[in-house]
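The values are calculated or read from the model by the stated rules, or taken from the named source; none is laboratory data. A quick note: this is a predicted structure, and the numbers were derived from the prediction, not measured. A quick note on method: Cβ atoms are made from the backbone with ideal geometry, for glycine too, and the neighbour counts reach across all protein chains shown. To get the accessible areas, we keep the full protein, side chains included, count just its heavy atoms, and leave off ligands, DNA and RNA. Shrake-Rupley method; radii C 1.70, N 1.55, O 1.52, S 1.80 Å.
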Amino acid sequence: MIEIEHLTKVYGTHEAVSDLSFRVESGQIYGFLGPNGAGKSTTMNIMTGCLSATSGQVCIDGYDIFEEPQKAKKLIGYLPEHPPLYPNETPLEYLRFVGEAKGLRGEELERQIGEVVAQTKIESVQGRRICTLSKGFQQRVGIAQALLGNPSIIVLDEPTVGLDPIQIIEIRALIKELGHRHTVIFSSHILSEVQNICDQILILSKGHLVAFDTPENLERQMLRSNEISLVTEASPDEALHILCQVEGVTDSQLSPREDGLLQIHLSSDCDDLTALCRRLFFAFAGQNRALLELSSKKASLEDVFLELTEQNDALPQAPEDPKAPESSKSPQGPESSQNFEERQGSDQ
Ligand code: ADP
Ligand code: MG
């Protein structure tokens with residue numbers, strides 16, 4: 001188990017990580033999600049003992065990473081953002097070097113090398129120089145070195161960055177597999193990746209933890225932002241009368257159009273939007289008022305992410321209290337349809 005309390009890292013005058021507190025339980029896959037510059041690598045470097053903190057505490061299975069670094073680090077295997085590979089060595093030479101640095105010797109060293117080579121499926125390239133390997137294989141070698149010493153926790157910083165689509169699928173599958181035997185924490189700025197692989201998602205924004213929950217709960221949180229849009233020939237009074245009899249409508253905005261029709265935007269916390277659309281259709285039809293358009297939009301995890309990071313953008317210095325991991329903060333405000341991928345590259 002990892003316990004992080006009030007972790008803060010300041011570079012010069014810039015607070016890269018702000019009063020971060022959370023707990024990682026054993027046996028699950030955790031995804032660190034956040035745009036570039038959110039503080040993912042800084043947090044991972046600190047929790048793996050590669051970087052000092054300005055203040056705060058990190059305990060790995062009860063060992064303080066700053067006070068008992070050797071004991072704490074033994075429990076963690078780390079693949080940093082830039083894998084520390086030696087390009088002129090072969091994977092086998094490199095793994096032997098790392099294994100020895102981790103204190104493995106003789107038969108045990110050879111046994112573990114064999115095991116991690118098989119686990120990461122690098123047998124076919126184990127005798128080739130690392131600089132001649134594809135980025136996907138290099139990433140596997142990096143993961144293999146993290147696995148040496150059989151640490152209970154594996155930390156991977158953006159393991160799929162720079163890989164082609166097939167390599168990405170392979171590495172994701174490998175992460176899932178590692179999750180059967182290890183606690184895995186990996187970072188990504190790709191929402192779908194985290195959503196599909198992780199049991200728990202931590203969303204970082206400008207060094208603040210803005211959400212910590214399961215993918216399902218984060219999506220559920222956004223249910224009330226589900227939207228239905230319709231156009232009817234009913235008058236505003238008639239429409240209001242009909243709508244108040246339809247179960248699942250939480251809010252409505254009516255805008256008469258120039259062509260005499262009525263545009264209505266509804267929000268709903270109803271999970272089954274199709275059922276709600278059916279109820280609306282028959283409610284209007286039952287009053288002999290035609291619906292001329294009817295469409296629905298379900299809020300996605302991407303909306304949650306944008307809500308949370310945009311909220312934090314509006315309050316750059318807000319002293320959020322991100323301690324409670326059991327439920328993330330509830331997002332407010334208008335839903336955004338901007339594509340998350342379009343926002344990449346805006347390092348702060
Ligand atoms: P992420 O991994 O989420 O992209 P980082 O942890 O790398 O974010 O960076 C968080 C913030 O800290 C960024 O604004 C980055 O520019 C800054 N930063 C990271 N490393 C350093 C450093 N060594 N010196 C100064 N600023 C840094
Ligand atoms: Mg990073």
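Couple of notes before you dig in:
- In order along the stretch 202-216, the Karplus-derived 3J(HN,Hα) couplings, from 6.51 cos²θ - 1.76 cosθ + 1.60 at θ = phi - 60°, round to 10, 9, 9, 9, 6, x, 9, 7, 9, 7, 8, 6, 6, x, 5 Hz, and Gly and Pro are given as x.
- Pairs from Lys40/Lys74; Lys9/Lys73; Lys121/Lys206; Lys73/Lys121; Lys71/Lys176; Lys9/Lys298 whose Cα-Cα separation, in the structure shown, is over 31 Å: Lys121/Lys206; Lys9/Lys298
- Per principal axis, descending, Cα span of the chain in whole Å: 84, 44, 31
- Using a Förster distance of 30 Å, the FRET efficiency for Arg23-Glu89 (Cβ separation, nearest 0.05): 0.20
- Stretching the chain fully between Tyr11 and Thr274 yields a gain of 89.7 nm (0.36 nm per residue, less the alpha carbon separation).
- Of Ser18, Ser26, Ser192, the one that fluctuates the most in a GNM where the chain has Cα springs shorter than 10 Å: Ser192
- 3J(HN,Hα) from dihedral phi, the stretch 14-26, Karplus parametrisation 6.51/-1.76/1.60, rounded to Hz, x for glycine, proline: 9, 8, 7, 10, 10, 6, 8, 9, 6, 10, 10, 8, 6
- Take every Cα pair under 8 Å whose residues are at least 6 apart in sequence, average their separation, divide by the length of the chain, and the relative contact order is 20 percent.
- Exposed loop sites were defined as GluC sites (Glu not before Pro) in DSSP loop states (anything but H, G, I, E or B) carrying at most 14 other C-beta atoms within 10 Å; in the chain the longest segment without such a site runs 82-246.
- Solvent-accessible surface (1.4 angstrom probe) belonging to Lys73, in square angstrom, nearest 10: 90
- Once the C-beta distance of Glu310 and Cys50 is scaled by a Förster radius of 35 Å, the resulting FRET efficiency is 0.65 to the nearest 0.05.
- Average accessible area per residue (Å²) across the stretch 186-307 - probe 1.4 Å, nucleic acids and ligands excluded: 46
- Cβ-placed point charges (K, R +1; D, E -1), dipole of the chain about Cα centre in debye, nearest 20: 1120
- Extension gain, Arg111 back to Glu258 (0.36 nm per residue minus Cα-Cα distance, nm): 45.2 nm
- Rel. contact order, % - alpha carbon contacts under 8 angstrom, at least six apart, the stretch 154-294: 20
- Rounded, prolate or oblate (a/c below 1.5 giving rounded, otherwise prolate when a/b exceeds b/c) for the stretch 51-147 by Cα gyration tensor: prolate
- Helix-only [θ]222 nm of the chain, DSSP H runs n ≥ 4, -39500 (n - 2.57) each, per residue, nearest 500: -10500 deg cm²/dmol
- Heavy-atom surface analysis with a 1.4 Å probe gives the chain a carbon and sulfur content of 49 percent of its accessible area.
- Computed from Cα positions, the angle between helix 135-147 and the longest principal axis of the chain comes to roughly 70 degrees.
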